[in-house]
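Down below is the structure, laid out as structure tokens.
Derivation of every value follows stated rules applied to the coordinates shown; laboratory data play no part. All figures in this text were calculated on a predicted structure; none of them were measured in a lab. A quick note on method: Cβ atoms are made from the backbone with ideal geometry, for glycine too, and the neighbour counts reach across all protein chains shown.
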């Protein structure tokens, strides 16, 4: 049984953030030899049991895919105005399986997908804790479990309290946060992550680390603002402003990647930019479709599908930005000046990967 | 490890135990009779009658799609339209609440007889219901499908309860004046009705001829209002003498 404390779990939740920032996740007092040993273990594990590692990675990817489906299911609940179709929680009308008619189909369907993703996450966390040599990845696995439990509780609370906007907004935002954790686990358990050859961030070209980090942060904040608008906690203007900022940040990152790094990041930059532009157009369309929908006695199919697609595409933009950022941070070490003024690789980071 | 699971268990227990209960309104607000006002002088009561007319082009009613529930769809083989703006053949409006908005200082007995809100054919009957504050409302499910009743008040406690077919009626009250509380069914998102809660019984809801009659009005100066869910509210000043019958018409656009 892995040793786990609440503090360790909290640290696990921010492990990816710390990793992206280039911080050493090791506790004070642990020595470099220990970290080198971890890195060696990791390489050895991959070398000795490539199939096992691959299955863990595939399983994490499957969980990420199911999480995206869960986000779509959640989007359908809100778009169909069905969040309170089932007034009780955790059961539905006091049953495990009610009649799936009308709004119940969406609300109970969302609960079923959520339960499935919860179970997938439990298995993922245990699998990682048993097989993963990197401590911060194990923590991240437990962090995913904590996030999915918190997410379920928020979902229950928002139903029992008739959708208070801050709780519904938190539920929608944590969904994206949980998706980020699962995406990160999918990436860091992959063979490419381990096999990647690290190098210094080129000093003769503008760096990609900062813009990549900014894009992830801005996209996540934008999703929170979108959730605020969708759940009537905020007006539309913060979300519109956020959309423009996301577009600007992505142009900044993608242009820098394309102009200064050429082929190296072309595919990722093109994918991210395409998704962001599509999302921007879809967002404008959804805004007007939502206005028209108010004239109808019930959610129109156009509104349901456009708004749900907007939510799902938002999640995909976030996932793409995150994977792009993780790949950039994995490939390039941050170059820091040493005492003599020369640029040297930041110490002690490689070993913890 | 133990602490971690203890904490999770605690959070889960709190969340499950946190079922929102209806807040009982203060006793002083539960019945308008508690107000220190004179009882109404019914011997000299006046009557206000009139019509509510719709001005403008008659809107085309929106069709409701009930295909989300086969039972509901089967109840309306010819389709069904919304009741949001119901313009009668004579150009008048149905489902308009006409009530005394201001000027009544008398106290009135809250009727013991319950008003009724039925869920039939996956629509609410009536579409607009008016009751006195504290008056019971019987909620029925005449359909062979599950409904949930979810009022969205601003002044009264919110609740959301399901009602399975064949189950007993639910009796509810709203204790604070509120015009008007939207009521919806989240299972069938087209189902919507309004409950107006007033401090007095001098109100009427227009029907298929758009007319109304306000009876039992003590002599005096009043503001009479006509409220419609989509078209808003219009007011008129009305003065009535003892036993007078006065005609007042409203136009909504």
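Quick notes
- Between residue A:116 and residue A:161, the FRET efficiency from the beta-carbon distance, with R0 = 30 Å, is close to 0.75.
- Taking other C-beta atoms within 10 Å as the exposure proxy, B:251, A:320 rank B:251, A:320 from fewest upward.
- Averaged over the residues of peptide A:156-163, the number of Cβ atoms from other protein chains lying within 10 Å of each residue's Cβ is 4.
- Rough spin-label spacing in nm, given labels placed 7 Å along Cα→Cβ, for residue B:239 and residue A:52: 9.6 nm
- Average projected area [Cα convex hull, region B:182-253], square nanometres: 6.1 nm²
- Taken as Cα centroids, region A:258-326 and region B:164-232 sit 43 Å apart, rounded to the nearest whole angstrom.
- Fraction of alpha-carbon pairs over 20 Å apart in region B:138-231 - percent: 49 percent
- Overall form of region B:61-137 per C-alpha gyration tensor (a/c, 1.5; a/b vs b/c): oblate
- Distance from the alpha carbon centroid of region A:213-238 to that of region A:68-90 works out to 20 angstrom.
- Residues residue B:89 and residue A:281, FRET efficiency given R0 of 60 Å [Cβ-Cβ distance, rounded to 0.05]: 0.85
- Reciprocal of mean inverse Cα separation for region A:49-161 (Kirkwood radius, Å): 15.2 Å
- Taking every Cα-Cα distance in region A:195-330 and sorting them into 10 Å bins from zero, the calculated P(r) comes out as 12, 40, 27, 14, 6, 1, 0 percent.
- Taking every residue in A:92-102 and counting other chain Cβ atoms within 10 Å of its Cβ, the average works out to 4.
- Overall form of region A:108-159 per C-alpha gyration tensor (a/c, 1.5; a/b vs b/c): oblate
- Estimated FRET transfer efficiency when R0 is 30 angstrom, pair residue A:95-residue A:252 (beta carbons, to 0.05): 0.05
- Taking 7 Å steps out from each Cα toward its Cβ at residue A:200 and residue A:65 produces label points 4.2 nm apart.
- Mean per-residue shielding of peptide B:159-171 is 2, counting Cβ atoms of other chains within 10 Å of each Cβ.
- Shape of region B:98-193, Cα gyration tensor, a/c cut at 1.5: prolate
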